[in-house]
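Everything below concerns the one structure shown next.
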Amino acid sequence: MDDVFRALADASRRRLLDRLRERNGQTLRELCEGLALSRQAVSKHLAVLEAARLVSSVRRGREKYHYLDPVPIQELSDRWIGKYEHGRPDRPGRLERSLEEQPAMDKPEFGYVIYIQTTPERLYEALTDAEFAQRYFGGWGPRSDWRAGSPVLWKMGPDGAYEDLGQTVIEALPGRRLAYTWHRLLPMHRQLFDTDAEFKAAQAEHSRVAFDIGPADPASLGVKLTVTHDGFDSPDSEMLKGVSEGWVMILSSLKTLLEREEATGAR
């Protein structure tokens, strides 16, 4: 938390965070535009923000895209602001929408990087254990034997049964990577569209999600988890809008559960 305070103490770094909040997933060149700072100075500021876990980056081809990570700010708020608030029953508890759709064709439509104090093996287990998944998905979640080509069944609520929504395991490498196709829009999403024709056209869209687990960070930032959800037809995809908000909250809950487990030594 000391790193977070130090990072936020600089006005230029706060400006960079504001720019990422306005439009996430920017390159160094994009972040430099309109700033009275050299490219080298912006790089140094980004390094400080990454060390504080306020910014994370994903490399795609030759480009490196930077993303705002709201979790440390939320933790800071909970510890130093939330406990002193009185008489505010509607204090926001949700994280900012972290990563939004991007126009470049070679970029993931949704990407998120989060550091979790756990082991790669335990993180992979948490992603594939159906009972544990229900805890951070909020009473629903996936179940599979997690072999390439196997179906991924989904429980859509605490009292629901696991259903086959057409999802399939693409890749499953314990401790390293998990990827599977994502379900189409369901009948419950019909209300988002003006006509049946628009809804049926949107239902044809397929997407996929991948979880890449990096090794434990030597600076004690934890295990690096990169989530990429792509394959959408357009930036206006209703499914894209939904997962962009949903994944941030789900991953924040996953982080909380695993780090509490790490601190107490009990699952």
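The values are calculated or read from the model by the stated rules, or taken from the named source; none is laboratory data. Because the structure is a prediction, the values reported are computed rather than measured. For neighbour counting, all protein chains shown are included, and Cβ atoms are generated from backbone atoms with ideal geometry for every residue, glycine included. Each accessible area value is taken on the protein alone, full model and side chains, heavy atoms only, with ligands, DNA and RNA left out. Shrake-Rupley method; radii C 1.70, N 1.55, O 1.52, S 1.80 Å.
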When the stretch 133-149 is checked residue by residue, the ones that are in contact (Cβ under 8 Å) with a residue 40 or more places away in the chain and more than 16 Å from Phe211 (Cα to Cα) are Arg135, Gly138
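Sort through Val113, Val152 and tell me the only one that's surrounded by 19 or more Cβ atoms within 10 Å (Cβ to Cβ), aliphatic (A, V, I, L, M), in contact (Cβ under 8 Å) with a residue 60 or more places away in the chain and closer than 24 Å to Lys241 by Cα. Let's see the steps before the verdict.
Working: Val152 fails: in contact (Cβ under 8 Å) with a residue 60 or more places away in the chain.
One residue alone meets the criteria, Val113.
Kindly indicate whether Arg53 is among the basic types (Lys, Arg), in contact with a helix residue (DSSP H, G or I) (Cβ under 7 Å, 6 or more places away or on another chain) and at pLDDT below 90.
Working: among the basic types (Lys, Arg): yes; in contact with a helix residue (DSSP H, G or I) (Cβ under 7 Å, 6 or more places away or on another chain): yes; at pLDDT below 90: yes.
Yes, satisfied.
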**Asked** For Gly231, are the conditions met, namely being at pLDDT 80 or above, buried (at least 17 other Cβ atoms within 10 Å of the Cβ) and at positive phi?
**Response** yes
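Scanning for something out of contact with any strand residue (DSSP E or B) (no Cβ under 7 Å at 6 or more places or on another chain) and in a loop (DSSP other than H, G, I, E, B), does the stretch 115-128 turn up at least one residue? Can you show your working first?
Residues of the stretch 115-128 out of contact with any strand residue (DSSP E or B) (no Cβ under 7 Å at 6 or more places or on another chain): 121-122, 125-126.
From what is left, the residues that are in a loop (DSSP other than H, G, I, E, B) are none.
Checking the stretch 115-128: not a single residue is out of contact with any strand residue (DSSP E or B) (no Cβ under 7 Å at 6 or more places or on another chain) and in a loop (DSSP other than H, G, I, E, B).
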Filtering the stretch 174-222 down to residues that are loosely packed, with under 12 Cβ neighbours inside 10 Å and either in contact with a Pro (Cβ under 7 Å, 6 or more places away or on another chain) or at pLDDT below 65 (or both) yields Met188, Gln191, Pro215, Pro218, Ala219, Ser220
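Counting only residues that are among the polar types (S, T, N, Q) and open to solvent by 90 Å² or more (accessible area, probe 1.4 Å), how many does the stretch 1-49 have?
Our first condition is that a residue be among the polar types (S, T, N, Q); within the stretch 1-49, this holds for 12, 24, 26-27, 38, 40, 43.
So of that shortlist, the ones also open to solvent by 90 Å² or more (accessible area, probe 1.4 Å) come out as 40.
Total satisfying the criteria: 1.
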By residue number, the members of the stretch 32-60 that are under 20 Å from Ile73 (Cβ atoms), free of Cβ contacts under 8 Å to residues at least 40 places away in the same chain and touching a Lys or Arg at 6+ places or on another chain (Cβ under 6 Å) are His45
Going through the stretch 156-173 in order, the residues found to be open to solvent by 30 Å² or more (accessible area, probe 1.4 Å) and either in a strand (DSSP E or B) or modelled with pLDDT of 95 or more (or both) are Tyr162, Glu163, Asp164, Leu165, Gly166, Thr168, Ile170, Glu171, Leu173
Of the residues in the stretch 131-149 that are part of a strand (DSSP E or B) and either open to solvent by less than 40 Å² (accessible area, probe 1.4 Å) or among the polar types (S, T, N, Q) (or both), the one that is nearest to Gly242 (Cα to Cα) is Gly141
